[in-house]
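Values in this text are rule-based calculations from the coordinates and carry no lab data. What you see is a predicted model, and the numbers here were worked out from it, not measured in a lab. Note that we place each Cβ from the backbone using ideal geometry, even for glycine, and neighbour counts take in every protein chain shown.
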Amino acid sequence: MTVSTKKPLANKIALAFLLIFPLSASVQAQECTYLTGPADAGEAIAASGSTGVSKAWYGDATTDYAHGVLGDTVEANVLYAEVQGKDTCAAAIRLPGSSVFEDVTPRIGDVTGDGVNDVVVIESHRELGASLAIYGTEEGQLLKLASTPYIGRAFRWLAPVGIADFTGDNIADVAYVETPHIGGILKIWSFANEVPELVVAMDGFSNHRIGENTITGGIRHCGDGVEMVLPDTHWENTLIARYRNKSITTEIYANDTSADTVQRALQCK
Ligand SMILES: [Ca+2]
Ligand SMILES: [Ca+2]
């Protein structure tokens, strides 16, 4: 309930203030209004000094896609992104009703090779399942630069391993596990010049369990090139996977997949 109390003296003072300082109302800072996203969705922040997208996060919680592999059926309809050096409200893009961002957090990196940071996200279509999509910004607007084909069926997901240059062309690539719950396939994609290209695919991996709101494993640099840390399909072993000579080789790091073990592997221990 709103209580209205008349304060004639205060009103006169306020009016006098406005007459004396007529510009004060027009120099107010711009208000940015953001929709709230899924409760456990994190934000991504780019390294300082980089160009392009500096911060990205999800908004507008929706229950339109009742898959629920991330612990609840609340996903996001909107992606927000701030751009380095631009002191304005964040750019925003809303997916059409057929799709949601089914993800834990956006990722920031330059995967197109132009030196400008992009946003890497998971989009799920209600009939075709997940796709990995790359967004950039242009004149304050977010736009999709490239994406992988949808998996092809509803409720089929993918979980990113990380962003790194696996191929050695000095342009970061993206690795993910497709269908990590039902026999995961590790895929590395290049998005150089905004052209999606599947570099390699190999089955036998997983990096997510149904109901968890985190993705297990990731990328490590331990002096022997880029390596991936992730569990095998049955979550029996923690593996180190490498892209070498146009194929993926694996090595067993440990015969368990506990969070501690995976963390030790990521820390090169
Ligand atoms: Ca880029
Ligand atoms: Ca590359």
For segment 182-269, which fully contained strands (runs of 3 or more DSSP E) count at least 1 residues that are closer than 22 Å to residue 153 by Cα?
184-190, 197-205
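Looking at the structure I just gave you, is residue 260 farther than 30 Å from residue 66 by Cα and acidic (Asp, Glu)?
Working: farther than 30 Å from residue 66 by Cα: yes; acidic (Asp, Glu): yes.
It is true that residue 260 is farther than 30 Å from residue 66 by Cα and acidic (Asp, Glu).
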Please work out if residue 245 is surrounded by fewer than 17 Cβ atoms within 10 Å (Cβ to Cβ), of a type outside the set (Ser, Thr, Tyr) and closer than 19 Å to residue 184 by Cβ.
no
Pairs with Cβ under 8 Å, 6+ apart, first in segment 186-197 and on the phi > 0 side of the Ramachandran plot, second near ligand 2 (Cβ under 10 Å from one of its atoms)
193/113
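Could you please find all residues in segment 162-187 being of a type in the set (A, V, I, L, M, F, W, C) and away from ligand 2 (no atom under 14 Å from the Cβ)? Please lay out each step first, then the result.
Here is the first cut: in segment 162-187, the ones of a type in the set (A, V, I, L, M, F, W, C) are 163-164, 166, 171-172, 174-175, 177, 182, 185-186.
Hits for segment 162-187 are 177, 182, 185, 186.
Of all residues in segment 94-115, count the ones that are more than 16 Å from ligand 2 (Cβ to nearest atom), touching a residue at least 12 places away in the same chain (Cβ under 8 Å) and over 24 Å from residue 185 (Cα atoms).
Qualifying residue count, segment 94-115: 4.
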So residue 52 ticks every box in (1) crowded, with 21+ Cβ neighbours inside 10 Å; (2) away from ligand 1 (no atom under 16 Å from the Cβ) but one. Which box is left unticked?
(2)
Could you tell me whether segment 220-238 includes any residue that is more than 22 Å from the chain's Cα centre (by Cα), acidic (Asp, Glu) and within 16 Å of ligand 1 (Cβ to nearest atom)?
no
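Within segment 129-149, identify whether any single residue is closer than 19 Å to residue 211 by Cβ, buried (at least 16 other Cβ atoms within 10 Å of the Cβ) and in contact (Cβ under 8 Å) with a residue 12 or more places away in the chain, and answer yes or no.
yes
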Among 265, 192, 259, the single one that is surrounded by fewer than 17 Cβ atoms within 10 Å (Cβ to Cβ) and among the small types (Gly, Ala, Ser) is 259
